[in-house]
Structures are given as C-alpha cells and as structure tokens.
1. Using packing as a proxy for protection, rank 282-290, 333-341 so that the peptide with the highest average count of other Cβ atoms within 10 Å comes first.
2. Principal axis lengths of segment 163-347 from Cα atoms, whole Å, largest first?
3. Give the long-range amide H neighbours of PHE300: residues separated by 5 or more places, or on another chain, with amide H under 5 Å away, using H modelled in the peptide plane at 1.01 Å from N.
4. For segment 163-347, what does the relative contact order come out to in percent, with C-alpha contacts under 8 Å and a separation of six or more?
5. Quick check: from the Cα gyration tensor, does segment 198-249 come out rounded (a/c under 1.5), prolate or oblate?
6. Using each residue's phi in segment 183-189, evaluate 6.51 cos²θ - 1.76 cosθ + 1.60 at θ = phi - 60° and report the 3J(HN,Hα) Karplus result to the nearest Hz, with x for Gly and Pro.
7. Let's test the formula: R0 of 56 Å, r as the Cβ-Cβ distance of ALA90 and ARG319. What FRET efficiency results, to the nearest 0.05?
8. Please sort 265-277, 239-251, 76-88 by packing, taking for each peptide the average over its residues of neighbouring beta carbons within 10 angstrom, highest first.
Amino acid sequence: MRTDEKTREYTWLLHIAIWVVLFGMPFFSPRPGHPLHGGVNFGRFVPTLVSFLIIFYVNYFLLIKKYLYRKRLGLFILWNVILVAIVSLAVHFTHRLLFPMPVNPGRPLRPRTTLDSISFITRNTVIYLAIICVAVAVKMTERWYRDEKRRDEMEKAAAEAELTTLKSQVNPHFLFNTLNNIYSLIQIDQAKAQEAVHDLSGMLRYVLYDSEKPAVALSDETAFLSDYIKLMSMRCSSNVKIETSFPANGSNRQVAPLLFIPLVENAFKHGISPSEPSSIKVDLHEDGDYVVCMVENTAFPKDDNDRSGSGIGIKNLCRRLDMLYPGNYSFEYGKTENLYRSLLKINASEIIPE
C-alpha cells in the first residue's frame, strides 16, 4: 500500500473514531438521575449530532473546495448561512414534532415561546459556526500537508535529476582528458598507446557501470585512481615526479563514486610542464570516520588558448559534495608559491542519499 493510501486510511479511521466518541458520550456521561441515553433524551440528542455531521462534511467535501480554495469567500459565507439556516430549522422542527418536552406531573409544563425557539436556534448556530471553523482548519491542514509532501517529492526528484546530470558530466569530462592523453601518446610510443587503450577499456567499465551505484567501496575507487594515474604517466617525461599513497589494505568503506578523479585530472592538466621539473603527489587515506584526499602539484596553468574543459570538474565536484555530504565535508584548494594544493575531507560515516 502506498503512503498516500495509508494516510487517507488513517484519516478516515480518525474521523470515525471522533464521531463514535461523540455519539457514545451520552452513554458515558449521563446527568445524575437523568440518564441521557434513556429513550426520548437520547432521541433528542441524535438529530443535533447528525446536524453537526452534515455541517462538517458539506464544508469538508464541497464548500471549502468549491469556494474557499478558489478565493470566493462571499459565496462560501452565503452558502454556509443558507446551510446553517436549513439545518437549524430542520433540527428545531424535528425536536418539536418528534420529541416533545416530557410532562412532569409535579411541575407544570411551560409552553414554548418564540424567545425559546430563537435561543435554541442561536445556540446551535454558534456551535455550527465552530464546526465550520473546525472543518476549514482540518481541510486546510490536510491541504498544507499534501502540498508540503508534494513539494518535498518534487525537490527530491529535482535533486536526484541534478545529481544524475552532474555524475554523467564526469564521464565525458574524464574521457575527454584521457583521449587527449592517448592521442599525444600515439605520437610518442604506439606500443604504450595500445596498452593505454586496453587500460582505458577497464576504466570505462568502472565509469559506465560501477559509478551508477550511489556508493562504491573505497578500494574500488582507489583502484580506478591508480589505473588513471598509470595511464596518464605513460606520456610524462623523466622530469615529472609522481608520488602516490593509497590505503595498503583494501577498504570496504562506502563513498560516492568519482569524487576524487577531478582533483587528479586537474593535477595532470595544470601541473606538468614539457620543459621544467614537475611533480604530482596524491595521498588518499582514512582518518577515523573521514576519508582524506590530498593532491599537490606544481602549477603551470594553461593559457586562454588551451583551457578546454578547465574548471568544469571542480565546479561539478563542489556541487556534488553539497548534495551528497551537506555539512559533512571540507574542501580547500588554491595556490601556494609554485604549488597548487587540494585537500578534500569527507565524513564517510554519513549515509549517502540514494
């Protein structure tokens, strides 16, 4: 059974319970010596309670939705005045015709006057107005709850769609950078280029299939990073120093996939010079509940003619972190002297939303 159906069922059970209690009150709270559930007295009580039901549900099912929701307050008030007048008169004449006041031999019966009828109708009218207010409050509360639930569902769907889009953007971005690297490698060493294509097929399998999961084992993510670094290192000259440090033992700690690759991509894209000594250092480790990734590289920023895809990965990463680990991560990046350093810390004990 869906949540909406369950909520509707519980609402009706609540309605039934309330009216059962109201109809049963005479049996549990009689006046001393004058039991309300006795014959005529209970009969006089039932039409009044039925009138409460009519006022409540005519508003609940019809008038509120037809007039109040559409901001036609005048018609809503008019129809309620007519409804209350009809119901009040119906209850008054029902009592008068079917349930006359009992005759007490020791006490003469005072004839009903017009003032008595007006007092009776006025008293019931005030109660009816209170019931109308209750019906409006209940209906408006249900509408607010339903609208809030719908809004939450829409926001969740929008967030999931955005997250899927952000994740899918990682794939072509990663592929773009890797193919550029293989293209350059073909000119240098065709044998290595062939090996790189073989390695790339395994990496693409991870990107296309495993990364579709909301979370992957940290060991799988580090294996993917290692393969990527190996592939990118093939085209590096001897003046490039690459250091990596990953957990020695495979970790089953769950993390969102493809979170660290943008940092490593940027290091290779902006940290290597064809002529000057360069270095890249990647350190990924666990620290208590946290997974820490530090990437440090020499800074050789690309000029305006060679900035294809620049900045997309970091912006994408920041947005994904906000959605996946709100309040449970820290991300610092920037240039210090001739080095560019990125430091990402994730509280991996938090559950990743699916």
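1. Details: 282-290: 14.9, 333-341: 12.1.
Result, highest mean first: 282-290, 333-341.
2. So the three principal-axis extents are 43, 38, 33 Å.
3. GLY271, ILE272
4. Details: 244 pairs, mean separation 36.6, N = 185.
Rounded, it is 20 percent for segment 163-347.
5. Numbers: a/c = 3.47, a/b = 1.55, b/c = 2.23.
Oblate shape, in that a/c is at least 1.5 and b/c is the bigger or equal ratio.
6. Computed from phi, the couplings for segment 183-189 are 4, 5, 5, 4, 6, 8, 8 Hz.
7. Details: r = 64 Å, r/R0 = 1.14.
Computed FRET efficiency for ALA90 and ARG319 comes out at 0.30.
8. Numbers: 265-277: 17.7, 239-251: 13.8, 76-88: 16.1.
The most tightly packed comes first, giving 265-277, 76-88, 239-251.
Values in this text are rule-based calculations from the coordinates and carry no lab data. Since the structure is predicted, the reported quantities are computational estimates derived from the model, not experimental observations. Cβ atoms come from the backbone with ideal geometry, glycine included; neighbour counts cover every protein chain shown.
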